[in-house]
Amino acid sequence: MDELDVEPPLTLIPGVDSNRKQMCFAWGPGEMLVYETLFPKECAEKRPGCPNIFIVRKDQDVYSQTLRKLFNESHGIFVGLQRSEEELAGKSRKAQLVRVSKNYRSVIRACMEEMHQLAISTRDPELQCQHSTQVSILSAMELIWNLCEILFVEVAPAGHLLLHLLDWVRLHVCEVDSMVREVLSSENPSKHKDFWNAVDSFVLQGRMDDARHLLSKEASANPTSMGMCKILDDLMKKMPILSIGNTQTLTEMELKWQHWHEECQRYLQDGTFASNFHMESICKILLGDENAILEKKELMTTWYHFLVTRLVYSHPTVKPVELRFYAQSSLDLFLGGESSPEPLDSILMAAFEFEIHQVIKECSIALSNWWFVAHLTDLLDHCKLLQSHNLYFGSNMREFLLLEYASGLFSHHSLWQLGVDYFDHCPEYGKVYLELHIERIPLNTEQKALKVLRICEQRQMHEQVRSICKIMAMKAVRNNRLGSALSWSIRAKDAAFATLISDRFLKDYCERGSFSDLDLIDNLGPSMLLSDRLTFLGKYREFHRLYGEKWFSEAAKLLLMLMTARIAPCSFWMTLLTDALPLLEQKEVIFSAEQTYELMRCLEDLTAGKTDNQKLQVDDVETTKVEILRLALARNLARAIVKEGTLEGS
Amino acid sequence: MEDFSAKFVSQKISKTRWRPVPAAALQPPELFATGSWDNEENKISVWSVGDFGSLGPNGEYQGEPQLLCDIRHHGDVMDMQFFDQERIVAASSTGSVTIFRHHQNNQTLSINQRWERAHYHVDPDTPFYGGASCTGVICNNPEIVTVGEDGRINLFRADHREAVRTIENADSSTLHAVTFLRTTEILTVNSIGQLKIWDFRQQRNEPSQIFSLTGDRIPLHCVDRHPNQQHIVATGGQDGMLSIWDVRQGSMPVSLLNAHEAEMWEVHFHPSNPDHLFTCSEDGSLWHWDTSTDVSEKPSFFHQGGRSTTLLSHTANQSVISAWLSNNPTKDRMEITNLVPNQTLSVNSLDVLGPCLVCGTDAEAIYVNRHLFA
């Protein structure tokens, strides 16, 4: 972008005295952190510094309650546009795009209405000023959008172009209605001071029927001028207008118009209206006399009204490409060298010149929020009007603006959900931006985390899914909510974390001798297979259950399987073997000889694994345990061999 | 059915509830409350949908909901219920439970009672209580039951400062929702896919029954009981599956219906027409499940286009046993209609009462339909 030729605005940070201490700042995604450093400026006294860190936000609009509705509604329209049928071609596609454009505009208008209501009803003067400014900004936005719709989306041809422009002016310069109401409600309308102003306004806006209606009041009040009124009325009635449904061709229209123009000329030259200054000036306006029209500057209030009036009465079949010349000259004539064009004027001028990129650029500079340019550019892109020239940092203009807008949304604590859809429709960089932004959303509650997770899962962002699930699972573990932690690891299919949780459970069991959270462990179901340790935990608990229900042989088989299939971690083997003790000591022989051999082997593996050093250090309890086990195993083996060797009684 | 129109309200709506109408009254509800979430300042608001006095051009009232009053709420509104005609109970993400009173005469809301530390996490090393989100609340005047992320179940009574009963560590995972099964029994669902029945008459802190799904332990998010046949319970899961359970028998659901594409946030049986069920989901849709028998008479082109309808095959005989319990839902006629016109963001909450439906979305919009069965 070009250099700014205005002074950057100064923002004072309360509490930080930049005369005494140096300030420091850091950039954030949509804002800036500012704080006071310890470094004093020269010749400064020692005084306690400001302990606060300040957040400076440039975009205040995002926090406005009323504008939030704008963002939400336009989000719905945006998503609808992206999803709409691309196959529709030609007229139906154009009609669809015009509908979308009108939707956007009605949303802006609704927002404007509400802001206006707020401005009237509030008593705080500062707030009122703020709201009024906002209303005028919104009104300007709608004005520009409407013009862009006429010129770029609707692409009205010559003839219809002027009709649309007339509608545009009538919509936006509407002081005339209140004036007329006042005039009509007075006792003697034609004697009202604003009567002729009202008539002139109607004529300037091409509202012939309304003008004639008012004129009839003058005719009835003032019989002397009735003749003139009738002629003027007649002229107004006969003015050829190209209506939308009309099937005349442009040449026909031009011919008729030429005839009519000449008729008006004749009446003027004959001096028909010489006695009434007002009616004469109206006739001059009808003839398209620039000076006469310019005289009514205060009634028109804007140069684009002047432009349209000029065109209505001098070149009604103006072609779109010719607009620029008339626009430039209208602006110059209207301002008359007294004032310079405002930003709004240059934006409109750029539109008349069909310089779309210029329009977007100027709007970006003038407005504080990316909302307007992002949506307008997206719409124009759908109209296939923007060439896909790449900006020097890789993406095209539409994508750049959408990315900026969506990033702004992500800096808002609540509107981030809207931003996701915008990133989705940025083909080149959208995914990367989304990945970076979504990791930084604070996850205060589980429900918010679930929503963020769903967004990531739908877009196959596996890294983010894993990372979010890990964060939530860790939080749960710290709060001793092992079931929650497990459900997060299942969602992420995170085997490592499941192992961690199982170890926690097993640790609790070793310390307390019983399981906590039985409802979880008993009902693991297929999720048991997520990690080996988890499977072990489930099966171990099953062993306890079988033992408790006295299914001893099943329990024994399970126990053995746990050790031989190497599901159990080595640290736990001692515990398992100790668990086997009561089974070995039962009156009935539960372990078969084979099984006993297996158990013995396990015991030997366990003790053999320890080095000599460890053997010396092992305490009495350990050695006693091993001794008891060996004894029990031997006894069981003996009984098992005897039992298996015995023939069953016949 | 006529179209919904949205009212944009500048706050993401997490819960919407109709104010209950007195039993004898025949009129539809006029007032509803909403709770917001994810705002720096969350609010509970009360809205009115006006009276029958003014009619639109078609003879149907088309007005927008009007905000009557609102009050600041600390933390996200996780769940909300009308305690009676004037009081609203709200569960907060900070772990507190608050009763608000709606004063009809001057249209204001005020705090009536609050239990600050209804739900909290305990750190065994330090005596530090971190707040745990309270995720569900249900009332049956004068009792209030709350459940939360800390796995705790609380039984409160209005105007009692302390909880009447607390079941510590009732669940090792997060309890997502709670509802009354009978006056002394409640149902809870949790994030490892279990449905549990708790009986307050028993002193031990164990559920009297546990039900779970057969497959993966998909978390369950919402639960509702059939208004007339108290053994029929519906739950919605994280994968959008609707499960119907019969709590008298078995430990597995009777039917599993593949519904939404994302988490199902709320499921409601219609309180007076229990053949109708409503579910809303993270995928942005709100479905109306209709198993009423008289539908089979209507021709299939009765439903206008613009909504997606799925018609399943029908049978001539409809047995007296509720259609919800039939093992094969495709055998019976069930009609499913999506009520939200253009889906974008999640529909977080819905409520039905009489002919009226209200729902709130993450797109900061409220939809009201006052002619559900037109």
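What to note about this one:
- For region A:443-549, a Kirkwood radius taken over Cα pairs fed into Stokes-Einstein (37 °C, viscosity 0.692 mPa s) yields D = 228 µm²/s.
- Relative packing of peptides A:174-184, A:143-153 - highest average C-beta neighbours within 10 Å first: A:143-153, A:174-184
- When the charge dipole of the protein assembly as shown is built from unit charges on Cβ atoms (+1 for Lys and Arg, -1 for Asp and Glu) and taken about the Cα centre, the candidate among A:His261, A:Ile13, A:Ser340 whose Cα reaches farthest toward its positive end is A:Ile13.
- Burial order of peptide ranges B:277-283, A:637-643 (average beta-carbon count within 10 Å, highest first): B:277-283, A:637-643
- Shown here are the Rg and Dmax of the Cα trace of region B:65-109, at 11.0, 31 Å.
- Applying both filters, DSSP loop and at most 15 other Cβ atoms within 10 Å, to the GluC sites (Glu not before Pro) of region A:418-451 gives A:Glu428, A:Glu439.
- In chain A, the calculated helix contribution to ellipticity at 222 nm averages -20500 deg cm²/dmol per residue, counting -39,500 (n - 2.57) for every DSSP H run with n ≥ 4.
- Dimensionless Rg over Rh [region A:497-650; C-alpha; Kirkwood]: 1.00
- Placing a label point 7 Å from the Cα of A:Glu457 along the Cα-to-Cβ direction, the residues of region B:134-169 with a backbone N closer than 20 Å are B:149.
- Cα gyration tensor of region A:176-300 - equivalent ellipsoid semi-axes, whole Å, descending: 25, 17, 14
- Where labels lie 7 Å past Cα in the beta-carbon direction, separation of A:Asn103 and B:Leu256 in nm: 3.8 nm
- Residue by residue along A:480-492, Cβ atoms of other protein chains within 10 Å of the local Cβ number 6 on average.
- Remark on the protein assembly as shown: Rg and Dmax equal 38.2, 145 Å (Cα only).
- Difference of contour (0.36 nm per residue) and Cα-Cα distance, A:Thr11 to A:Ser136: 42.6 nm
- About its Cα centre, the dipole of chain A is roughly 1980 debye, where the only charges are +1 on Lys and Arg Cβ and -1 on Asp and Glu Cβ.
- Extension gain for the segment A:Leu171 to A:Arg440, taken as residue separation times 0.36 nm less the Cα-Cα distance, is 92.4 nm to one decimal.
- Between A:Met228, A:Ser484, A:Gln595, the Cα set farthest toward the positive side of the dipole of chain A (charges on each charged residue's Cβ, about the Cα centre) is that of A:Gln595.
- DSSP beta bridge pairing in the protein assembly as shown, given as percent antiparallel to the nearest 5: 100 percent
- Subtracting the Cα-Cα distance of A:Ala26 and A:Arg266 from 0.36 nm times their residue separation leaves 79.0 nm of extension gain.
Read-outs throughout are calculated quantities, based only on the coordinates presented, and are distinct from any laboratory measurement. Bear in mind that the values here come from a model prediction, so they are computed numbers and not experimental data. Positions of Cβ are backbone-derived with ideal geometry, glycine not excepted, and every protein chain shown enters the neighbour counts.
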